[in-house]
Amino acid sequence: MAGKDIIQMTQEELKRLHIIHKALDKEITQLEAAGIIGLGLRQAQRIVAAVRAYGDKGVIHKSRGQPSNRALPDKIKNKALKLYREKYHDFGPTLGSEKLFEIDKIKLNDETLRLWLLEAGIPYKRRKKRPHRQWRERKHSFGEMVQMDGSHHDWFEGRGPACVLMGYIDDATGHPFARFYPYEGTFPAMDSFKRYILKYGLPASIYLDKHPTYKSTKKQTIEEELNNAEPMSHFARAAKELGVNVIYADSPQAK
């Protein structure tokens, strides 16, 4: 209506106002209102009191439209941007803000500097995104693939000799199998795999890391080069002869 002030509110404030009016009309309690708008009871009570005293505008935060107490003066902003153009243009906002503080004694947050650079249209070095690694989908049936690894740990807490746990986990079901050995090597790998096979049967594939026991570090022989074949460890060769597909993980996280 003409002659009345227009109150500008955010969508969130409009929702709050609706709930506050319900509390004022006694349709709901102030405690219920606080729960609906996601605030503590005291905060909700303050808003109810403000709306009762000042009308609908009481729901608007008092700092709206006021300059932030933490806002940095334009003089510092202009100086920081000038120095960035002249001295730190090869740096990103994080390193740039560090250098501004270390050398020029201008303390500001890297995010603040980034926003200033965007506002001023000043290009800056951006961090390259790392390639996204997708999670490998687990197998659907028992025996499709078993993960195998040697775990080095003080298993007996100093009460026995150091040893390695040769562990197996079925990829589909998570069913474990394990046995202790003095070290991680060809004999423990073959012996533990034999025992696994005798108990659960041959898996279709086995998922391993690139430990020298499982993946050979030798250079190709002339014969292997001619046949376009990779050098194989004793364990990998044995698995191949049994018809088990050997798969190597590219990183520990992949397993």
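Here, each number is a calculation from the coordinates, and none is a lab measurement. Keep in mind it's a predicted model, so treat the numbers as computed, not measured. Glycine also receives a Cβ, built like all others from the backbone with ideal geometry; neighbour counts cover every protein chain displayed.
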Subject >> Whichever aspartates and glutamates have a C-alpha closer than 13 Å to that of LYS210, once near sequence neighbours (fewer than 8 apart) are set aside >> reply: ASP149, GLU184, ASP250
Original post:
Which net charge results when you count Lys and Arg as +1 and Asp and Glu as -1 among the other residues whose beta-carbon is under 14 Å from that of TRP155?
Top reply: -1
Subject >> Cα-based Kirkwood hydrodynamic radius, the chain, one decimal, Å >> reply: 26.2 Å
Original post:
Can you list the lysines whose alpha carbon is less than 30 Å from that of LYS57, not counting same-chain residues fewer than 8 positions off?
Top reply: LYS4, LYS15, LYS22, LYS26
**OP:** Would you list, by chain and number, the aspartates and glutamates whose Cα falls below 12 Å from the Cα of LYS77, excluding same-chain residues fewer than 8 positions away?
**Re:** GLU119
**OP:** Step through the table entries LYS82/LYS125; LYS105/LYS125; LYS194/LYS240; LYS139/LYS199; LYS82/LYS107, compare each Cα-Cα distance with 18 Å, and write down the pairs that go over it.
**Re:** LYS105/LYS125; LYS139/LYS199
Original post:
Can you list the residues, at least 5 places off or on another chain, whose amide H is less than 5 Å from the amide H of TYR248, using H built in the peptide plane?
Top reply: LEU208
Original post:
With charges set only on the Cβ (+1 for Lys and Arg, -1 for Asp and Glu), what does the dipole of the chain come to about its Cα centre, in debye to the nearest 20?
Top reply: 1280 debye
**OP:** Give, as a single signed number, the net charge of other residues whose beta carbon lies under 12 Å from the beta carbon of ALA178, with Lys and Arg counted +1 and Asp and Glu -1.
**Re:** +2
**OP:** Take the chain, connect every pair of alpha-carbon atoms lying under 10 Å apart with a spring to form a Gaussian network, then pick out the residue of THR29, THR186, THR221 with the largest mean-square fluctuation.
**Re:** THR29
Original post:
From the backbone phi of segment 137-145, what are the Karplus-calculated ³J(HN,Hα) couplings (6.51 cos²θ - 1.76 cosθ + 1.60, θ = phi - 60°) in whole Hz, Gly and Pro given as x?
Top reply: 5, 5, 5, 9, 10, 4, x, 5, 7
**OP:** Name the long-range amide H neighbours of SER216: under 5 Å, sequence gap of 5 or more, or other chain; modelled H, no Pro or chain starts.
**Re:** SER233
**OP:** Largest first and in whole Å, give the semi-axes of segment 74-120's equivalent ellipsoid, each being the square root of 5 times a Cα gyration tensor eigenvalue.
**Re:** 13, 12, 10
Original post:
With each label point set 7 Å from Cα along the Cα-Cβ vector, what nm distance links ASN227 and TYR200?
Top reply: 3.1 nm
Subject >> Residues whose placed amide H lies under 5 Å from that of MET145, excluding near-sequence neighbours >> reply: ASP171, ALA172, ALA204, SER205
Original post:
Kirkwood hydrodynamic radius of segment 11-59 from all distinct Cα pairs, in Å?
Top reply: 10.2 Å
Subject >> segment 75-84 - phi-based ³J(HN,Hα) in whole Hz, Karplus 6.51/-1.76/1.60, Gly and Pro as x >> reply: 4, 5, 4, 5, 5, 5, 5, 5, 5, 5
Original post:
What is the distance, in nm, between label points placed 7 Å from the Cα along the Cα-to-Cβ direction at TYR124 and at ASN109?
Top reply: 1.3 nm
Original post:
Counting other C-beta atoms within 10 Å, which of GLU223, GLU111 has the fewest, and how do the rest follow?
Top reply: GLU223, GLU111
